[in-house]
Amino acid sequence: MNWIAVSQPIHEDMAVYRNDPQKRPVIETSRELAVHGMHESILHLPLHTGTHIDYPLHALPGGKSSSDYRMFPAEFDALVVDVTRAPVCIGLDEVRDLPLPGVEAVFIKTRRTLLRRFDPDFPWLTGEGAAWLAQFPLRFVGIDQLGIERNQPDHPTHRHLLGRDILIIEGLDLSSIDAGRRRFRAFSLGLRGVEAEPLLVFAAPVQGRAQPSLTFW
Ligand SMILES: [Zn+2]
């Protein structure tokens, strides 16, 4: 049975935060087959584009970078929380009663479909919600939006989580994943000394259940 990709494919037309051209990947052809005998490309990829992980250096002065971790490949139990019917502002009421003992990650599902265009009114996790989650020994908090918070001065959601060494995964595609506890695997590119990097994340197949027809990109 296939593991199901919950990270987004990377291409030039993908949704990027605030539709900012500086956050858009560019694939440049550097050598052409007809001219050079081989086709070669250069990928210009902003590190907060698509499915990616934020390390503490992103939001905390002197915070740890990717070089300070040896966690990938990672395999972990995550609780997928369906807030598709909840208010866009995901706060204490949405996270307070989550069954978190034994869970290593929380993935917040706000959408039923893959994000194809940036939504300026995207659902986000408040600082209070993050502070609650940060009480638990989680490794990751993830969301299927390109950002985990918006319009909060000083970025308390990032600071509460990263301050407790809980890494943030943004840009997941949870559209084919039901709410509940599930096993995941994550693989990084292995970039050193950076505040963020693209992540490949896969959900384990559920035993005894028919697989969705789209199990891969
Ligand atoms: Zn980020």
>> Just to be sure I understand the curve: with the Debye formula and one point per C-alpha of the chain, what is log10 I(q)/I(0) at q = 0.09, 0.10 Å⁻¹?
In response: -0.36, -0.44
> What value, in deg cm²/dmol to 500, does the helix sum -39500 (n - 2.57) over DSSP H runs of n ≥ 4 give at 222 nm once divided by the residues of the chain?
Replying inline: -2500 deg cm²/dmol
> Points 7 angstrom from Cα along the Cβ direction at residue 82 and residue 41: gap in nanometres?
Replying inline: 3.6 nm
>> With 10 angstrom as the radius, rank 3, 124 by how many other C-beta atoms surround their C-beta, starting from the fewest.
In response: 3, 124
> Between residue 164 and residue 89, 0.36 nm times their residue separation minus their Cα-Cα distance comes to what?
Replying inline: 24.8 nm
> What is the spin-label model distance, in nm, from residue 29 to residue 189 if the labels are put 7 Å beyond Cα along the C-beta direction?
Replying inline: 2.2 nm
> For the peptides 186-195, 133-142, what is the packing order when you average, over each peptide's residues, the other Cβ atoms within 10 Å and list the highest mean first?
Replying inline: 133-142, 186-195
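Quick note: the coordinates plus some simple rules give every number you see, no bench work behind them. Note that the coordinates shown come from a computational prediction; the quantities given were computed from them, not determined experimentally. Glycine gets a Cβ as well: all are built from the backbone with ideal geometry, and neighbour counts include every protein chain shown.
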